[in-house]
Amino acid sequence: MKRDALISKRFDDLLELRKRIGGDGAYEIFGEWIAASMALVERVFGNESPYRTHLEDAYKIVKTHGVVTSAINKAAGALKAASDDYRGGYLFRTRTLLRAELSEDVLGQADELLASGYKDPACVLAGVTLEISLRDLCERHGISAGKLDRMNADLAAKDAYNKGMQKQITAWAHWRNAAAHGNFDEYSGAEVQEMINGVRRFVAEYL
């Protein structure tokens, strides 16, 4: 079972377990349920997510005042919201935004290197950003990540972008490989600038 299916199933199991909280043994069941729910939400959304905060607040209420309906409902609502957002792609969109910001940081470094006369490391950085972006795009389209050329071909075949973009990425990949293997005369500083700008546009349009 794939990771997304496993996480979705875990949300379902915990939402089902919530129905058993009541009557004898309610506190024990609640303790098991809230601990598992917080662990899942933390793993998926992080320790600082509002979902985990709401779950923890509910736990504090129960720890102080016993198992009360309002606390159970508060926790269940947080878990349901987390489940809905996960299935709706909220986590993926957030992750994509963060990666786009990271890509811009790296491309900014490439710009600075190129402006200082270091076209070769600038080319490598732009190539790294391109490859990471293709991996992210493959994940979105359900394609197995691999070598850059293979990902480029598979993404074009899936109509993630057109043949013109595929050809452009092939050219960028050639320059990146040339830089990585010390063939520095196979591309110019102007071409590296074109690559940096192009990869920046690619990230903005496709991710």
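Per-structure values
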item: Criterion violated by TYR86 - all others in (1) more than 24 Å from VAL199 (Cβ to Cβ); (2) modelled with pLDDT of 80 or more satisfied; result: (2)
item: Considering residues of region 179-207 that are small (Gly, Ala, Ser) and in contact (Cβ under 8 Å) with a residue 12 or more places away in the chain only, the residue nearest to ASP136 (Cα to Cα); result: ALA204
item: Every residue from region 49-70 that is of a type outside the set (Ser, Thr, Tyr) and either under 20 Å from GLY88 (Cα atoms) or part of a helix (DSSP H, G or I) (or both); result: PRO50, ARG52, HIS54, LEU55, GLU56, ASP57, ALA58, LYS60, ILE61, VAL62, LYS63, HIS65
item: Where a residue in region 119-136 is over 18 Å from LYS158 (Cβ atoms) and its partner, wherever it lies, is of a type in the set (D, E, K, R) and at pLDDT 90 or above, with Cβ under 6 Å and at least six apart; result: GLY127/ARG176
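Rundown of residues vs (1) surrounded by 15 or more Cβ atoms within 10 Å (Cβ to Cβ); (2) modelled with pLDDT under 95; (3) in the same structural domain as LEU114 (by TED's automatic domain parsing); (4) hydroxyl-bearing (Ser, Thr, Tyr), yes/no style:
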| site | (1), (2), (3), (4) |
| --- | --- |
| ALA145 | yes, yes, yes, no |
| LYS158 | no, yes, yes, no |
| ILE169 | yes, no, yes, no |
| TRP172 | yes, no, yes, no |
| ARG176 | yes, yes, yes, no |
| ALA179 | yes, yes, yes, no |
| SER188 | no, no, yes, yes |
| PHE202 | yes, yes, yes, no |
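The values are calculated or read from the model by the stated rules, or taken from the named source; none is laboratory data. Being a predicted model, the structure only gives us computed values, none of them experimental. Heads up, the Cβs are rebuilt from the backbone with ideal geometry, glycines too, and the neighbour counts pull from every protein chain shown.
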